[in-house]
Amino acid sequence: MKKHNFSAGPSILDESVIRDAAGAVLNYQGTGLSILEVSHRAKEFSATMEEARNLMKELLDVPEGYEVLFLGGGASLQFAQVPMNLLKKKAAYVDSGTWANKAAKEAKAFGEVITFSSKEDNYIWYPKPWEKNEVPDDIDYLHITTNNTVYGTELRYDPDVKVRLVGDMSSDIFTRPVDVSKYDLIYGGAQKNIAPAGVTFVIVRRDAVGHIEDNRIIPTMLKYDVHFKDSMYNTPPVFPVYVALQTMKWYKELGGVKVLEQMNLEKAGMLYDEIDRNRLFRGTVNAEDRSIMNVCFVLNDEYKELEQEFYDFAVSRGAYSFKGHRSVGGFRASLYNALPKSSVQFFIDLMKEFERKH
Ligand SMILES: *Cc1c(COP(=O)(O)O)cnc(C)c1O
């Protein structure tokens, strides 16, 4: 039975990318070696790394003066590495969800942290302090998490602020054009929209880092500029970087981030329309902040007892990994770039069929 993969992460990759990766595991670019066993210093792989860095720049229209890095440690290590390298005295964090909250917590080890939070409302809306002129001038940076993977809210534009801006884009990178020039640093785990688990992307303005050494000693591996030259200061995650490159090539073939954005708006629009129409279900977050990547919904109160039944029904038809995060409950369908429209239609049909049954 075909599986429709709604996993929040690690998540669906395009079938063409997986086939290519499978080929490279057996014979990497005609070398007679597996990608799993080649030297990262071999010319084939250094070319792959360079191409991946360049293609990320091209697809996101990254201006001069920025470096693209592919590192280890996940977005969670960036929660610490960012303040370690950028936080002298004080930073502000938009506490828009579980991951944002974790990022803010880590930063507290390095300085004062103020937050703009919707936690008290269970994160059903996205705090936008810049709209009310509430972002202080005397902070080292403002940190935002553009897409709230767990609760399903999203900021779908790049805010104008006078201070340095840092963005965790783990779950919405490559889903819309981004004005990278507004940010000093963008990072994310690649396992949501680019690659298998194991690689973290960082887009960093060269002159934003390297100013903190008087405050603290930074371990070599955690200095961004150590990785500037070729993103190979140490052994990089060779296989995930290779797969990331294949995904980005596929994005380019499709027409780039503008086309991806249209596809995503259409897919999310279809599913939200059904959630709003179907008398059994309702969305869980404020409509204007709805994520187009992670669609969260529950059964209406009067149908609550049907939750397990709907889950089992959808699983039996081939839906995979659409349970709400354990901190939210209900359901979460993640509609990452590689999820085809047909899988969204499949899920909508399930919801309709379930409604007819009840
Ligand atoms: C998944 C996720 C993370 C955590 O990523 P890891 O690579 O597992 O550390 C951080 N931020 C956001 C927004 C995420 O979706």
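Things worth noting here:
- Test: residue in the stretch 70-83 that is under 22 Å from the mean Cα position of the chain (by Cα), assigned to a strand (DSSP E or B) and under 20 Å from residue 164 (Cα atoms): no
- Search result, residues across the stretch 157-177 that are within 15 Å of the ligand (Cβ to nearest atom) and more than 13 Å from the chain's Cα centre (by Cα): 166
- Within the stretch 34-47, the residues that satisfy the criterion of being free of Cβ contacts under 8 Å to residues at least 40 places away in the same chain and assigned to a loop (DSSP other than H, G, I, E, B) are 34, 37, 39, 42.
- Some residue of the stretch 98-110 being within 11 Å of the ligand (Cβ to nearest atom) and either under 24 Å from residue 49 (Cβ atoms) or at pLDDT below 95 (or both): no
- For the stretch 1-33, the tally of residues that are more than 16 Å from the ligand (Cβ to nearest atom) and in a loop (DSSP other than H, G, I, E, B) stands at 8.
Per-residue answers, yes or no, for (1) of a type outside the set (Val, Ile, Thr); (2) modelled with pLDDT of 95 or more; (3) more than 21 Å from residue 73 (Cβ to Cβ):
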{"residue": "149", "(1), (2), (3)": "no, yes, no"}
{"residue": "160", "(1), (2), (3)": "yes, yes, yes"}
{"residue": "179", "(1), (2), (3)": "yes, yes, yes"}
{"residue": "193", "(1), (2), (3)": "yes, yes, no"}
{"residue": "223", "(1), (2), (3)": "yes, yes, no"}
{"residue": "229", "(1), (2), (3)": "yes, yes, no"}
{"residue": "237", "(1), (2), (3)": "yes, yes, no"}
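- Residue in the stretch 54-73 that is within 16 Å of the ligand (Cβ to nearest atom), at pLDDT 95 or above and more than 27 Å from residue 243 (Cα to Cα) present: no
- Every condition in (1) exposed (fewer than 13 other Cβ atoms within 10 Å of the Cβ); (2) outside the structural domain of residue 79 (by the TED database); (3) of a type outside the set (A, V, I, L, M, F, W, C) holds for residue 278 except the one numbered (1).
- Test: residue in the stretch 79-86 that is more than 22 Å from residue 174 (Cβ to Cβ), without any contact (Cβ under 8 Å) to a residue 24 or more places away in the chain and within 12 Å of the ligand (Cβ to nearest atom): no
- Qualifying residue in the stretch 152-173 (condition: of a type in the set (Phe, Trp, Tyr) and buried (at least 24 other Cβ atoms within 10 Å of the Cβ)): no
- Some residue of the stretch 277-299 being acidic (Asp, Glu) and under 29 Å from residue 173 (Cα atoms): yes
- Residue tally, condition within 21 Å of the chain's Cα centre (by Cα), surrounded by fewer than 23 Cβ atoms within 10 Å (Cβ to Cβ) and either more than 15 Å from the ligand (Cβ to nearest atom) or not in a strand (DSSP E or B) (or both), over the stretch 192-217: 4
- Filter result for residue 144 (farther than 27 Å from residue 250 by Cα and either within 16 Å of the ligand (Cβ to nearest atom) or out of contact with any Phe, Trp or Tyr (no Cβ under 9 Å at 6 or more places or on another chain) (or both)): yes
- For beta carbons closer than 7 Å, sequence separation of 6+ or different chains, a first residue in the stretch 315-343 that is over 18 Å from residue 193 (Cα atoms) and in the same structural domain as residue 296 (by the TED database) and a second that is part of a helix (DSSP H, G or I) and hydroxyl-bearing (Ser, Thr, Tyr), the qualifying pairs are 323/311; 327/98.
The values are calculated or read from the model by the stated rules, or taken from the named source; none is laboratory data. Values in this document were obtained by computation on a predicted structure and should not be read as measured data. Cβ: placed from backbone, ideal geometry, glycine included. Neighbour counts: every protein chain shown.
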